[in-house]
Amino acid sequence: MSKSTREIAILTSEIATQKKASSDEILTLLKTKEVETLFATANAQRQKKFGKTIILRGIVEFSSFCSCPCSYCGLNSLNSDLQRFRMTESEILNAIKVAYQAGYRAVVLQSGEDPFYTGDTLSAIIKVIKKQYPDLILTLSVGERSTEEYKQWKKDGANRYLLKHETANPIIYKNLHPHANLKQRIQHLETLKSLGYETGSGFMVGLPGQQIEDLVEDILLIKALNLDMAGIGIFIPHPKTPLKNVPEGNPLEAMKALSIVRLLMENIHLPSTTSIETSQSTHFYEPLSCGANVIMKKVEPYIYRKLYEIYPNPNLKETSVEEDRITLEHYIKSIGLNAF
Ligand code: SAH
């Protein structure tokens, strides 16, 4: 039986107070039609911790080469139609400079799994960045690497690491990543945490075979690992992948999941993911009003932004990093919040 507004209000505020929820309670919230109530409680939680501040994070997608055949991703190694690029060290440093000058104080370096950038290559780049911009929070998102490399990069000054678990269902995980497994992914996340990284994970909503019960496990995994960040997005089909005919995930479902994570974890950084923003189907709600406190924006040169095509994004326009930042700041102001 579906619960009333009042029952959902009581359940959400109990979860927000106790910072824990049973699988059944999470399932109830994922299924509820009372989204206004759920979102309002999550929004209040965000506000309690972060006030009016929305953190803007620049992302430098520096290589679209990838050795992995992940079946949802446009960069997958089997996609021979993609024009691949690699940014040089000086291009990367320049992108960071442009982002810093535009006002970003948090930047992510992301790429496909590209061994061209060895541990030492990235180490050198991290050191220069941290020397030039000591107040810049630097996140790495370059896939699964060795513990030695993670250690080295932490020593060099990297602050955070993003490695999405993608789905907490081990069978779906295996289907999507024939070369890997979920257990190993989780081990990497645990290693990163133990090395002192602020560690981020996340998952996609709408993967083939995924049930709503799987999302409960996704949420509980983020809580169990006590992660510092989580990117929750929807699956978007890419025409050059085996999943090209699978329908796009439901953005409302993803936002519900995001808001439940916010209830359970008040300090966690939750970006409003591009995949939800990209989705054409629902724009009634906005991730920033249901618990998200971060917006990520591409800051590499436009030509590379376009080529780094994880999924098609029709909203991508040829704008400068400065213009983008100003537009974002205005938007955030217009909904009564402030950009940092
Ligand atoms: N190689 C890095 C970065 C991956 S790309 C790594 O392995 O961590 C960043 C994220 O894009 C992925 O973690 C995945 O969650 C998301 N992504 C990839 N393909 C997608 C698709 N078709 N729809 C939605 N999100 C996708």
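Tabulated data
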quantity: Cβ-based exposure ranking for 322, 25, in which fewest neighbours within 10 Å come first; calculated: 322, 25
quantity: Cα-based shape type of the stretch 226-340, given that a ≥ b ≥ c are square roots of the gyration tensor eigenvalues and the cut on a/c is 1.5; calculated: oblate
quantity: Nearest-20 debye value, the chain charge dipole, Cβ charges on Lys, Arg, Asp, Glu; calculated: 580 debye
quantity: For residue 205, distant residues with modelled amide H under 5 Å away; calculated: 233, 234, 235
quantity: Residue 77-residue 121 FRET efficiency (beta carbon distance; Förster radius 25 Å; 0.05 resolution); calculated: 0.80
quantity: Separation in nanometres of the label points that stand 7 Å from Cα toward Cβ, at residue 91 and residue 47; calculated: 4.4 nm
quantity: Mean Cβ neighbour count within 10 Å, used as a protection proxy, ranking 147-154, 48-55, 221-228 highest first; calculated: 221-228, 147-154, 48-55
quantity: The chain, relative contact order in percent, only Cα pairs under 8 angstrom and at least six apart counted; calculated: 25 percent
quantity: Mean Cα-pair separation over length for the stretch 1-91, i.e. relative contact order, pairs under 8 Å, 6 or more apart, %; calculated: 21 percent
quantity: Gain in span if fully extended, residue 226 to residue 27, counting 0.36 nm per residue against the direct Cα distance; calculated: 69.6 nm
quantity: About the Cα centre, charge dipole magnitude for the stretch 184-267 (Lys/Arg +1, Asp/Glu -1 at Cβ), debye; calculated: 240 debye
quantity: Gain upon complete extension [residue 40, residue 7; 0.36 nm per residue less C-alpha separation]; calculated: 10.5 nm
quantity: Exposure proxy ranking, count of Cβ atoms within 10 Å, fewest first, for 204, 255; calculated: 204, 255
quantity: Filtered chymotrypsin sites (Phe, Trp or Tyr not before Pro), the stretch 239-327: DSSP coil and at most 15 other beta carbons within 10 Å; calculated: 284
quantity: Ordering of 30-36, 105-111, 131-137 by packing [mean C-beta count within 10 Å, highest first]; calculated: 105-111, 30-36, 131-137
quantity: Overall form of the stretch 280-340 per C-alpha gyration tensor (a/c, 1.5; a/b vs b/c); calculated: oblate
quantity: Cα-based shape type of the stretch 57-190, given that a ≥ b ≥ c are square roots of the gyration tensor eigenvalues and the cut on a/c is 1.5; calculated: prolate
quantity: Ranked 116, 340, criterion: other C-beta atoms within 10 Å, fewest first; calculated: 116, 340
quantity: Residue 135-residue 286 pseudo-label distance in nm [points 7 Å out on the Cα-to-Cβ vector]; calculated: 2.8 nm
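Since every read-out is calculated from the coordinates, none of them should be taken as a lab result. Note that this is a predicted model, so its numbers are computed, not measured. Please note: Cβ atoms are built from the backbone with ideal geometry, for glycine as well, and neighbour counts cover all protein chains shown.
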